Amino acid sequence: MPANKGLYLLKSKLTKVIQQEILAAARAVVKQAPLFRPSMPNGQSFNYSMTNCGDLGWVADKSGYRYQQVHPHTFKAFPDMPQAIKDLAIEIAQETGNNDFSPQSCLINLYRKGEKLGMHQDNTEENLSAPIISISLGDTGIFVLGGKLRTDDTRQYIVQSGDVIVMGGESRNYFHSFKGIIPNTSNLLKNGGRLNLTIRQVN
Ligand code: MD6
Ligand code: FE
């Protein structure tokens, strides 16, 4: 395992042209699989919208958090993961020492002004040793990263359009949250906001 525990914060990883290509692919997904705002198991609604592409999508409702093949509102299979997203994720995985990464799921989160995501660990996946590749597009935001325990110290990172975070190795189960966007900091998304794509190998 690398000394940095498999955590990479790759600033300005994606050129503007690549960002536009990935954004176009994400838009095509949203057309087929509309953004939705699920409820947590306690019944409270999520604070932001999401959708998925790939063989499996991450969903939440009163029965819990899980991966499934179908969109929770349309009941249609989530669209295939666009090749551009797959290729990019594999390339980034390889560059960070994860040579057998096989992308099965891409969760697309959209944050508008005031929307955020609380402290959590990503542990719905069966495979907890595959890294998570996280791509930021659009408005700048504040990503908070802690450690293995909820009580560990945290650090804030400014994430900008084109930045990529890889959470592998020990960092795979670090607590983290997203505090929100700084509006009007990017012109990539027509209507503003931030898209975060997390690409995973689920099993
Ligand atoms: C976000 N990201 O950046 C939320 N999880 O909007 C995550 O929750 C996340 O970026 C696991 C690994 C990387 C991430
Ligand atoms: Fe997460």
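Every read-out reported here was derived from the displayed coordinates using simple, explicitly stated rules and does not represent laboratory data. Fair warning: this is a prediction, and the values are worked out from it, not measured in the lab. Note that each Cβ is placed from the backbone with ideal geometry, even for glycine, and that neighbours are counted across all protein chains shown.
Anything over 28 Å Cα to Cα? Flag those among 76/113; 11/116; 62/113; 13/179, in the order listed.
As for pairs spanning more than 28 Å Cα to Cα, those are 76/113.
For the chain, with the dipole built from +1 on Lys and Arg beta-carbon atoms and -1 on Asp and Glu ones, taken about the Cα centre, which of 99, 127, 114 lies farthest toward the positive end?
Highest projection toward the positive end goes to 114.
Dividing the convex hull volume of the alpha carbon atoms of the chain by its residue count, what do you get in Å³ per residue?
Dividing the Cα hull volume of the chain by its residues yields 113 Å³.
With the dipole of the chain worked out from charges on the C-beta (+1 for Lys and Arg, -1 for Asp and Glu) around the Cα centre, which of 6, 42, 165 lies farthest toward the positive end?
The residue sitting most towards the positive pole is 42.
List the residues whose amide H sits under 5 Å from the amide H of residue 115, counting only those 5 or more places along or on another chain, with H placed 1.01 Å from N in the peptide plane.
Hits under the 5 Å cutoff: 181.
Just need the Rg to Rh number for region 44-116, please, alpha carbons only, Kirkwood Rh.
1.03
Are there chymotrypsin sites (Phe, Trp or Tyr not before Pro) in region 34-99 that DSSP puts in a loop and that have at most 15 other Cβ atoms within 10 Å, and which ones?
Hits after loop and neighbour filter: 75.
Stokes-Einstein at 10 °C, 1.306 mPa s, Kirkwood radius from Cα pairs: D for region 160-203 in µm² s⁻¹? Can you show the working numbers first?
Values: Rh = 12.9 Å.
Once the numbers are plugged in, D ends up at 123 µm²/s.
Using Cβ counts within 10 Å as a stand-in for footprinting exposure, how do 133, 22 rank, fewest first?
Details: 133 29, 22 21.
The most exposed by this proxy come first: 22, 133.
Restricting to DSSP loop positions (anything but H, G, I, E, B) with no more than 14 other Cβ atoms inside 10 Å of their own Cβ, which GluC sites (Glu not before Pro) remain in region 110-185?
126
Using a ≥ b ≥ c from the Cα gyration tensor of region 88-203 (square roots of the eigenvalues), is it rounded, prolate or oblate, where a/c under 1.5 gives rounded and otherwise the larger of a/b and b/c decides, a/b for prolate?
Since a/c reaches 1.5 but b/c is at least a/b, the shape of region 88-203 is classed as oblate.
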